[in-house]
Amino acid sequence: MSKKVLMQGNEAVVEGAIAAGMRFYAGYPITPSTEIAEQSSVRLPQVGGTFIQMEDEISSMAAVIGAAVTGAKAMTATSGPGFSLKQENIGYACITEIPCVIVDVQRSGPSTGLPTSPSQGDVMQARWGTHGDHPVIAISPASVSECYFLAIRCFNLSEKYRTPVILLMDEIVGHLREGVEIPDHLDIEVVDRRLHTDKGHMPYEADEKGVPGWHLCGIGRYNITGLSHDVSGFPTNSNEVTDKLVRRLMGKIQNNADDIIEVQEEYLDDAETVVLCYGGTTRAAMSAVLEARAAGYKVGMFRPITVWPFPEKRLKEISSGKKVKRIIVAEHNFGQIVLEAERIVKNDCKIDFIGKVDGTVITPGEILEKIKEAE
Amino acid sequence: MPSKLIEKYIREDHLPHIWCPGCGHGILMRDVAEAVSELDLDQEKVFLISGIGCSSRAAGYMDFNTLHTTHGRAIAFAEGVKLARPDLNVLVIAGDGDIAAIGGNHLIHAARRNIDITVVVFNNDIYGMTGGQFSPTTPTGDFATTAPYGNIDRPFDIAKLAEASGATYTARGTAYHAQLTIKLIKEGILHRGFSLIECASVCPTYYGRKNKKGGSVELMTWQKDNCVLSEKAAKMTKEELEGKLVIGKLSETDLPEYTDEYKKIIDKARGYHG
Ligand SMILES: Cc1ncc(C[n+]2csc(CCOP(=O)(O)OP(=O)(O)O)c2C)c(N)n1
Ligand code: SF4
């Protein structure tokens with residue numbers, strides 16, 4: 001039986017994560033993500049899981065990976081400053097292919113910035129925060145209900161592709177309260193990492209998707225290292241093996257982009273102007289689009305739910321369509337996703353940008369004004 | 001013919017190791033293997049975690065579940081492993097830079113929690129892997145590639161730091177005193193709570209050369225001639241102990257262990273919602 005519950009976005013993340021099988025959380029408090037730690041400390045022991053408050057975000061990320069290595073589904077949550085501290089170990093999880101979920105409830109930066117104000121300034125950090133070429137999945141919810149369901153999706157994707165997945169939230173959504181229709185747990189699809197069934201398999205031998213199977217901890221003895229390694233999991237100095245490894249890591253996300261990417265599209269059939277938004281900004285964009293359409297403007301909305309990998313193919317189809325004359329990118333930063341849009345759209349149509357860095361939210365009115373500007 | 005110990009606990013197909021001739025780390029790795037062997041631990045239930053450094057490469061050579069992590073973070077990874085699987089024997093091998101510089105914060109907090117992990121520090125008083133820079137245990141006045149005029153930093157006593165932070169078993173061994181070191185590692189593994197065995201290693205390549213203290217033999221002879229057992233040291237004056245290294249068991253107390261305490265939290269939380 002499903003039930004409707006009033007929840008805060010941060011709380012919904014914890015409930016979704018537990019529904020997906022989260023049994024370990026390590027974190028360090030930071031606004032506006034702290035409720036995720038608090039709620040995890042209440043809920044995890046109730047389901048036989050473990051919560052630990054670590055001494056910093058570096059150790060939180062390390063403990064999450066340590067727990068995940070033993071097979072647990074593990075998560076940590078933070079905001080900008082802490083997200084920066086986690087980066088080295090996120091890279092470790094990428095190259096060792098340890099599934100885990102990192103929640104970043106973005107706040108205004110740089111540095112301590114405006115700690116309680118909304119921002120989407122970590123989008124590029126989510127993509128390139130850790131050094132070296134590495135695969136990334138980042139998903140951005142726009143409502144409390146999505147916090148619940150996309151937290152589940154983050155775990156499922158991280159298990160399926162054996163990679164860290166980032167739930168890229170913002171203060172707007174993290175602190176929002178809305179009703180969530182929580183389904184019966186039997187109706188929730190939960191994906192678990194594919195197990196190697198026999199001891200003969202090499203630990204990093206990948207399937208056709210590019211994803212290696214998982215060895216249960218305590219059955220056989222394996223080595224995991226952040227050094228470049230071959231299929232046996234042991235370090236190598238070989239340029240050829242390294243090339244193969246990095247290409248497989250990138251490929252397992254790129255080649256499965258259609259499975260990983262989710263988008264939301266509204267009124268694109270007749271749209272001449274398309275508002276491109278994501279996460280918390282979606283809410284203002286949607287009201288602006290509805291208001292503009294009521295006033296007769298041919299405007300639609302395109303929203304990457306999966307921000308990384310970016311829905312490149314779909315955006316190109318939209319921008320190269322005959323009707324679309326203009327794309328308005330709205331985001332709470334100085335211009336991050338707009339760079340992606342420019343790279344993909346090229347000369348297909350005009351790109352306008354609404355960016356805010358003062359810690360206030362983009363209002364429907366500001367987007368509406370931009371929509372009307374062109375006419 | 002390799003010994004039975006090597007055959008069972010060392011991944012021979014991953015040798016030769018990267019260590020220099022005369023490095024103390026190999027002796028200490030053997031001591032860890034010997035301790036596990038004498039305790040007859042189930043190899044598949046031993047989880048060995050290391051950081052980054054010459055010492056941390058031991059993880060790749062030892063036939064357990066092994067996790068070679070990031071510089072300084074071995075203990076934090078180990079805490080995740082132990083909390084998720086309290087039934088495992090969790091060991092950490094790390095260098096002095098790993099454990100007392102970049103990873104110092106994790107050391108003191110894991111010790112404070114008294115989580116059941118055994119940390120074996122391979123302390124060579126220098127950064128070996130990066131080529132001989134001074135570490136938090138390099139004695140004042142010694143030389144290193146980043147202390148060309150002599151080190152003005154004061155060194156940490158890692159065992160004392162761990163004890164002060166809450167570790168419930170601390171000890172010191174050396175590469176020279178193998179039998180003692182094996183005994184201490186065994187005691188650390190058997191101890192329920194956070195245990196740390198600081199082991200004086202030798203780095204002839206950088207520490208020995210930079211400080212004109214000779215090669216491996218001379219450095220190990222120093223250990224032979226200048227170590228005092230903790231029982232004996234307890235009866236000596238500060239002056240008598242000047243320039244000496246105290247070895248043996250340094251502290252042991254019996255206090256609640258972290259995963260045991262967390263288990264009680266789970267029972268409590270489940271009871272409320274039973
Ligand atoms: C974050 C980070 N900083 C610096 C390094 C470079 N680094 C690798 S090992 C090491 C120090 C090694 O010294 P120690 O831990 O004492 O071990 P040893 O090599 O002497 O056994 C350093 C500074 C690194 N790998 N990662
Ligand atoms: S550099 Fe020093 S610590 Fe590293 S392997 Fe050589 S002797 Fe050992």
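The values are calculated or read from the model by the stated rules, or taken from the named source; none is laboratory data. Bear in mind that the values here come from a model prediction, so they are computed numbers and not experimental data. Here the Cβ positions follow ideal geometry from the backbone for every residue, glycine too, while neighbour counts run over all protein chains shown. What goes into the accessible areas is simple: the full protein's heavy atoms, side chains included, and nothing from ligands, DNA or RNA. Shrake-Rupley method; radii C 1.70, N 1.55, O 1.52, S 1.80 Å.
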Counting only other chains, and only Cβ atoms inside 10 Å, what mean value do you get across the residues of A:45-58? 6
Over the protein assembly as shown, with neighbouring protein chains present, the accessible area per residue in Å² at probe 1.4 Å is 40 Å²
Spelling out what I want: for every residue of segment A:339-347, take phi, set θ = phi - 60°, compute 6.51 cos²θ - 1.76 cosθ + 1.60 (Karplus), and round to whole Hz; glycine and proline get x. 5, 4, 4, 4, 5, 7, 6, 6, 9
Provide the net charge surrounding A:A138, with neighbours chosen by a C-beta distance below 15 Å and charges set as Lys +1, Arg +1, Asp -1, Glu -1. -4
In peptide A:319-329, what is the residue-averaged number of other protein chain Cβ atoms found within 10 Å of each Cβ? 0
Per the 1/(1 + (r/R0)^6) rule, R0 = 56 Å and r from the Cβ atoms of A:Q46 and A:D207, FRET efficiency to 0.05 is 0.95
From Cα pairs below 8 angstrom and at least 6 apart in sequence, can you work out the relative contact order of chain B, rounded to a whole percent? 18 percent
Given a 1.4 Å probe and the protein chains all in place, what does the accessible area of B:Y207 round to, in Å² to the nearest 10? 20 Å²
Counting only protein heavy atoms with a 1.4 Å probe and every protein chain in place, the carbon and sulfur fraction of the accessible surface of chain A in whole percent equals 52 percent
Would you jot down the residues in segment A:214-239 that end up with at least 50 Å² less accessible area in the complete protein assembly than in the chain alone, with a 1.4 Å probe? A:C217, A:G218, A:R221, A:F234
Charge tally for neighbours of A:E189 with beta carbon under 13 Å away, counting Lys, Arg as +1 and Asp, Glu as -1, is -2
Could you work out Rg/(2.2 N^0.38 Å) for the protein assembly as shown, with Rg from alpha carbons only? 1.06
Any lysines with Cα under 30 Å of the B:K213 Cα? List them, leaving off those in the same chain fewer than 8 positions away. B:K160, B:K183, B:K224, B:K232, B:K235, B:K238, B:K244, B:K249
Mind listing the Cα extents of segment B:4-272 along all three principal axes, in Å, largest one first? 64, 47, 32
To the nearest 10 degrees, the tilt of helix B:25-39 (Cα long axis) against the first principal axis of the alpha carbons of chain B is 40 degrees
Quick check: the angle from helix B:178-190's long axis to the longest principal axis of chain B, C-alpha only, nearest 10 degrees? 20 degrees
For segment A:129-172, what percent of Cα pairs sit more than 14 Å apart? 50 percent
Can you give the angle from 0 to 90° between the axis of helix A:9-20 and the longest principal axis of chain A, with both taken from C-alpha atoms, to the nearest 10? 40 degrees
If each K or R counts +1 and each D or E counts -1, the residues other than A:V361 whose Cβ falls under 14 Å of its Cβ total -2
Rounded to whole Hz and in sequence order, give me ³J(HN,Hα) for segment B:238-246 from the Karplus expression 6.51 cos²θ - 1.76 cosθ + 1.60, θ = phi - 60°, writing x for Gly and Pro. 4, 5, 5, 8, 3, x, 9, 10, 7
What does the helix-only formula give at 222 nm for chain A: each DSSP H stretch with n ≥ 4 adding -39500 (n - 2.57), the total divided by the residues, and the result rounded to the nearest 500 deg cm²/dmol? -12000 deg cm²/dmol
Could you tell me the relative contact order of chain A? Use alpha-carbon pairs under 8 Å, at least six residues apart, and round to a whole percent. 16 percent
Say a paramagnetic label sat at a point 7 Å from the Cα of B:L255, along Cα to Cβ; which residues of segment A:43-73 have their backbone N under 17 Å from it? A:55
Interface size between chain B and chain A, please: total buried accessible area, 1.4 Å probe, rounded to the nearest 100 Å². 3200 Å²
Could you tell me the center-to-center distance, by alpha carbons, between segment A:336-352 and segment B:60-137 in angstrom? 47 Å
In whole angstrom, largest first, the equivalent ellipsoid semi-axes that the Cα gyration tensor gives for segment B:1-150 are 26, 21, 11
Read phi for every residue in segment A:314-326 and hand back ³J(HN,Hα) as whole Hz from Karplus 6.51 cos²θ - 1.76 cosθ + 1.60, θ = phi - 60°, with x for Gly and Pro. 5, 4, 5, 4, 5, 5, 8, x, 5, 6, 6, 9, 7
Protection-proxy order for peptides A:47-56, B:69-78, B:160-169, A:66-75, each taking the mean of Cβ atoms within 10 Å per residue, highest first: B:69-78, A:66-75, B:160-169, A:47-56
